[in-house]
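The values are calculated or read from the model by the stated rules, or taken from the named source; none is laboratory data. Quick caveat: nothing in here was measured; it's all calculated off a predicted structure. Because the Cβ atoms are built from the backbone with ideal geometry, glycine has one as well, and the counts that use them run over all protein chains shown. The protein model used for the area step is the full one, side chains on, heavy atoms only, and it has no ligands, DNA or RNA in it. Shrake-Rupley method; radii C 1.70, N 1.55, O 1.52, S 1.80 Å.
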Amino acid sequence: NFKYTKIAMARRLEALKDSRWVRAMVVLMKDRKYFRWHDSGDIQSSWHLKRILEVCKQTPSTKHWLPTREAQLLALMDPDIIPPNLIIRLSATKVNGAASRTWPWTSTVTDGKDKTCPAPDQGGKCKSCRQCWDRSVINVQYAKH
């Protein structure tokens, strides 16, 4: 129900302020090869992004992928300060919209057949695909769902 979801989200956001959050996330990353940030939701502030960067720095054996629509936060960042095990992909804001030109790694959504993400054909799973985590892949194009 909506009320429960709103309360649960507020608690999660409040947890970000806990001084133990970074350490807890680092512990949770143990033995993970790949991690996707924010299955739903987004970066809440520059402070939140800094904490994510710190988690990534402390988990060098985990490859991190952070999708975001927060172009204004990324505009304040130099991509060169991002830890090498993290890729931040700036998501397009419209279906069939152009990829951003303000950030080196992007994602777009298409309602056509020209998607590059294989997940819809694999039961919604990445399986062996790691495009989203790969810095040599400039744009990943997802199918509208």
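Within the range 61-84, can one find any residue that is open to solvent by less than 10 Å² (accessible area, probe 1.4 Å), over 18 Å from P104 (Cα atoms) and of a type in the set (V, I, T)?
Looking through the range 61-84, at least one residue is open to solvent by less than 10 Å² (accessible area, probe 1.4 Å), over 18 Å from P104 (Cα atoms) and of a type in the set (V, I, T).
Condition test on R135, is it closer than 29 Å to E14 by Cβ and either assigned to a loop (DSSP other than H, G, I, E, B) or in contact (Cβ under 8 Å) with a residue 24 or more places away in the chain (or both)?
Values: closer than 29 Å to E14 by Cβ: no; either assigned to a loop (DSSP other than H, G, I, E, B) or in contact (Cβ under 8 Å) with a residue 24 or more places away in the chain (or both): yes.
So R135 does not fit the description; no.
If you take the residues of the range 53-105 that are basic (K, R) and over 15 Å from the mean Cα position of the chain (by Cα), which of them is modelled with the highest pLDDT?
K57
Please indicate, with yes or no, whether at least one residue in the range 26-43 is surrounded by 15 or more Cβ atoms within 10 Å (Cβ to Cβ), out of contact with any Pro (no Cβ under 9 Å at 6 or more places or on another chain) and either assigned to a loop (DSSP other than H, G, I, E, B) or touching a residue at least 40 places away in the same chain (Cβ under 8 Å) (or both). If you could, list the steps in order and put the result at the bottom.
First, the residues of the range 26-43 that are surrounded by 15 or more Cβ atoms within 10 Å (Cβ to Cβ): 26, 29, 35, 37, 43.
Within this subset, residues satisfying the condition of being out of contact with any Pro (no Cβ under 9 Å at 6 or more places or on another chain) are 26, 29, 35, 43.
Filter once more, keeping what is either assigned to a loop (DSSP other than H, G, I, E, B) or touching a residue at least 40 places away in the same chain (Cβ under 8 Å) (or both): 43.
Checking the range 26-43: at least one residue is surrounded by 15 or more Cβ atoms within 10 Å (Cβ to Cβ), out of contact with any Pro (no Cβ under 9 Å at 6 or more places or on another chain) and either assigned to a loop (DSSP other than H, G, I, E, B) or touching a residue at least 40 places away in the same chain (Cβ under 8 Å) (or both).
If we keep just the residues of the range 85-106 that are part of a loop (DSSP other than H, G, I, E, B) and of a type in the set (S, T, Y), which is least open to solvent (accessible area, probe 1.4 Å)?
S100
In this structure, is T116 at pLDDT 95 or above, surrounded by 15 or more Cβ atoms within 10 Å (Cβ to Cβ), polar (S, T, N, Q) and outside any strand (DSSP E or B)?
Taking the combined requirement at face value, the residue satisfies it.
So is W103 in contact (Cβ under 8 Å) with a residue 60 or more places away in the chain and within 20 Å of Q141 (Cβ to Cβ) or not?
So W103 does not fit the description; no.
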